[in-house]
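Enquirer: Shown below is the structure under consideration.
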Amino acid sequence: MSKNNISKILYGVLFLSILFFSSCNSRNIKTLKNEKVSFNDLPVEITEHLKNSIDLQSDINSMLLELPKGKEPNYRLETVNTSIGPWVDYEKLININKDISYKIDQGVPSPYIVYDDKLYVPDRYNIFTTVDDLSTLVFTRYDLK
């Protein structure tokens, strides 16, 4: 084998290793332990915030709510676009401290509520503007640990 071929093989192995190890810290929320939770069974901090939001306009415009408000954020949300065109492929929820990311597929309703290392996703869109009775909401709770 020539040095040129060996170099190509080494670069290929290096590229695949980087790709593999960078994907180890990323998980799809569909693979996480989860369960359905009715609005009335949510933690009190979440129900109180949703019923009595101090800054409702901010909550309406936000896809990510990390509770309790006012504490140092542990998560951030990043939009990942498709490789072609100007479309959204998925959202990436990133644990800032642990450098772990969670893929949230396109079409999953928001806001994404994070409380006590758990992600709560509502069963429908626009919960602040179209839902008259919050007690009808059902959330999926994902364990982010």
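Enquirer: Specify which of the listed residues (L77, L64) is surrounded by 12 or more Cβ atoms within 10 Å (Cβ to Cβ), in contact (Cβ under 8 Å) with a residue 40 or more places away in the chain and in contact with a strand residue (DSSP E or B) (Cβ under 6 Å, 6 or more places away or on another chain).
Expert: L64
Enquirer: In segment 81-95, what residues are aliphatic (A, V, I, L, M) and either over 12 Å from the mean Cα position of the chain (by Cα) or modelled with pLDDT under 95 (or both)?
Expert: Of everything in segment 81-95, those that are aliphatic (A, V, I, L, M) and either over 12 Å from the mean Cα position of the chain (by Cα) or modelled with pLDDT under 95 (or both) turn out to be I84, V88.
Enquirer: Testing I104 on (1) in contact with a helix residue (DSSP H, G or I) (Cβ under 7 Å, 6 or more places away or on another chain); (2) assigned to a helix (DSSP H, G or I), one condition comes back false. Which one is that?
Expert: Going through the list (1) in contact with a helix residue (DSSP H, G or I) (Cβ under 7 Å, 6 or more places away or on another chain); (2) assigned to a helix (DSSP H, G or I), I104 breaks only (2).
Enquirer: Looking for whichever is in a helix (DSSP H, G or I), at pLDDT below 95 and either surrounded by fewer than 16 Cβ atoms within 10 Å (Cβ to Cβ) or in contact with a Leu (Cβ under 6 Å, 6 or more places away or on another chain) (or both) here; the options are E72, E48. Which one fits?
Expert: E48
Enquirer: I would also like to ask the following. Do we have T140 as within 17 Å of S38 (Cα to Cα) and surrounded by fewer than 15 Cβ atoms within 10 Å (Cβ to Cβ) here?
Expert: Answer is no for this residue.
Enquirer: How about segment 97-120: which of its residues are touching a Phe, Trp or Tyr at 6+ places or on another chain (Cβ under 7 Å), aliphatic (A, V, I, L, M) and touching a residue at least 60 places away in the same chain (Cβ under 8 Å)?
Expert: Within segment 97-120, I104, I113, L119 qualify.
Enquirer: Which of the following residues is without any contact (Cβ under 8 Å) to a residue 60 or more places away in the chain, aromatic (F, W, Y) and part of a strand (DSSP E or B): Y125, Y90?
Expert: The unique qualifying residue is Y90.
The values are calculated or read from the model by the stated rules, or taken from the named source; none is laboratory data. Computed from a prediction, not measured in an experiment: that's the story for all the values here. Cβ atoms come from the backbone with ideal geometry, glycine included; neighbour counts cover every protein chain shown.
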